[in-house]
Amino acid sequence: MLLGQRRILVTGGAGFLGTHLCRRLLDDGHEVLCVDNFSSGTRRNIDVLLGNTRFEVLRHNVTFPLFVEVDEIYNLACPASPVHYQFDPVQTTKTSVSGAINMLGLAKRLKVRILQASTSEVYGDPAVHPQTEDYWGNVNPIGSRSCYDEGKRCAETLFFDYRRQHGLSIKVARIFNTYGPNMRPDDGRVVSNFICQALLGKDITIFGEGLQTRSFCYVTDLIDGLDRIMNSPEDIAGPINIGNPNEYTIRELADKILAITGSKSEIVVRPLPEDDPRQRQPDIALAEKLLGWRPTVELEEGLRYTIAYFETLMREHGKGAAGSMKLQRSAVR
Ligand code: NAD
Ligand code: UDP
């Protein structure tokens, strides 16, 4: 191994964020072991990395113990889209909780640093706005989003208990809505749904009145934030919010995507899913102070890159071909 080069495990490495992270780590000269069970990730995402001799893939479910030798762990394995995490909610909780126990156990045996990809969902439907890290959240423990929200909350607990009890070096990033290339067209999250609908000339499905808000972070900014947290001094464990503080209503997002694509799609209203948070905006003062991090890509610019990605994907599949249409239909709840 070269000086400064590390062998890094990325669980969930074939997913949307995982692929970008693997690429970034390879670009930085590290060896990467991508562990994924391909439940919501795709082989297409990592195809381009397979030619790199420093990149390895292992099909494995993190709810089972893993015995490998690495210098650092990013724990990203977990479906992130409501459509995917509600498909098999018991497995989602197991992935967050048993997955965290297994990866923390691995980190403890190897005495290596481990980062948890946590989420703004730990704040639930927040009563504090914007959300600061010291806010404990407003989460329904028994609803259809709970498998994800409570699973991620329990994982945070485990991370901090391993730190207190075993002196493990941990980092917890609370990730807010992130978008960009390599999202699946059938991912079901709002940005990919609206873009695919606009490009295919299908109705844009707004859930509820569309007055709920989200703050969208472009993926390269997010990856830079994760890298900074992982490489921060030992005393910084987090949790630290990583997200773009510019807040938009879902209706504003739809209008922007229609304007950029020039699509003639109609906006239609669908029922609001249970426990859908009404507002979400990260307070990123801590990330700015401790990591010198703030996002640099504005929504319109990031949407243009993402739209270009989906246009390419649709050209590959043939626009309007049964494949893309089928994917798109299954994305709409
Ligand atoms: P994604 O669904 O695209 O990727 C998750 C990856 O984990 C997939 O490749 C999937 O196959 C894999 N996976 C799921 N369960 C697994 C298991 N039991 N064993 C092994 N692999 C498994 O999601 P993403 O957007 O890339 O999110 C990555 C991480 O970041 C998740 O932990 C998610 O909770 C967190 N996060 C993402 C966002 C976002 O906006 N993208 C926001 C908050 C938090
Ligand atoms: N949403 C929508 N239409 C869609 C998909 C999502 O109006 O086709 C809404 C959804 O109800 C939520 C917001 O967009 O209010 C963000 O949803 P997403 O699933 O992307 O993420 P999350 O709810 O986890 O923030």
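The values are calculated or read from the model by the stated rules, or taken from the named source; none is laboratory data. As the structure is a prediction and not an experimental result, all values here were calculated from the model. Neighbour counts are summed over all protein chains in view; Cβ atoms, including those assigned to glycine, are modelled from backbone coordinates with ideal geometry. Only protein heavy atoms, including side chains, enter the accessible area calculation; ligands, DNA and RNA are left aside. Shrake-Rupley method; radii C 1.70, N 1.55, O 1.52, S 1.80 Å.
Some observations on this one:
- Among residues of segment 283-300 that are open to solvent by 80 Å² or more (accessible area, probe 1.4 Å), those with a Cβ under 7 angstrom from a residue that is assigned to a loop (DSSP other than H, G, I, E, B) and modelled with pLDDT of 95 or more, sequence gap 6+ or separate chain, pair up as Arg294/Ile284.
- When Leu158 is tested against (1) part of a helix (DSSP H, G or I); (2) under 15 Å from the mean Cα position of the chain (by Cα); (3) of a type in the set (A, V, I, L, M), exactly one condition is not met: (2).
- Close pairs from segment 199-218: first under 24 Å from Gly262 (Cβ atoms), partner among the charged types (D, E, K, R) and at pLDDT below 95, Cβ under 6 Å, at least 6 apart: Arg214/Arg280
- Scanning segment 64-80 for residues that are crowded, with 22+ Cβ neighbours inside 10 Å and within 10 Å of ligand 1 (Cβ to nearest atom) yields Tyr74, Asn75, Leu76, Ala77, Cys78, Pro79, Ala80.
- Residue tally, condition modelled with pLDDT of 95 or more and surrounded by 14 or more Cβ atoms within 10 Å (Cβ to Cβ), over segment 40-57: 6
- Filter result (in contact with an Asp or Glu (Cβ under 7 Å, 6 or more places away or on another chain), basic (Lys, Arg) and within 22 Å of Ile206 (Cα to Cα)) within segment 265-316: Arg278
- At least 1 residues being over 19 Å from Asp227 (Cβ atoms) is the threshold, and among the strands (runs of 3 or more DSSP E) wholly inside segment 9-95 those reaching it are 31-36, 55-59.
- Scope segment 96-128; condition in a helix (DSSP H, G or I) and of a type in the set (A, V, I, L, M, F, W, C); matching residues: Val97, Ala100, Ile101, Met103, Leu104, Leu106, Ala107, Leu110, Val122
- Within segment 217-268, being closer than 30 Å to Phe159 by Cβ, open to solvent by less than 60 Å² (accessible area, probe 1.4 Å) and assigned to a loop (DSSP other than H, G, I, E, B) holds for Ser232, Ile236, Ala237, Gly238, Pro239, Gly243, Asn244, Pro245.
- Asp276 being open to solvent by 40 Å² or more (accessible area, probe 1.4 Å) and over 30 Å from Ile114 (Cβ atoms): no
- Looking across segment 150-202, just one residue is out of contact with any Gly (no Cβ under 9 Å at 6 or more places or on another chain), among the aliphatic types (A, V, I, L, M), open to solvent by less than 30 Å² (accessible area, probe 1.4 Å) and within 13 Å of ligand 1 (Cβ to nearest atom), and that is Met183.
- Of the residues Pro239, Pro245, Pro233, the single one that is over 21 Å from Gly180 (Cα atoms), under 19 Å from the mean Cα position of the chain (by Cα) and more than 13 Å from ligand 2 (Cβ to nearest atom) is Pro239.
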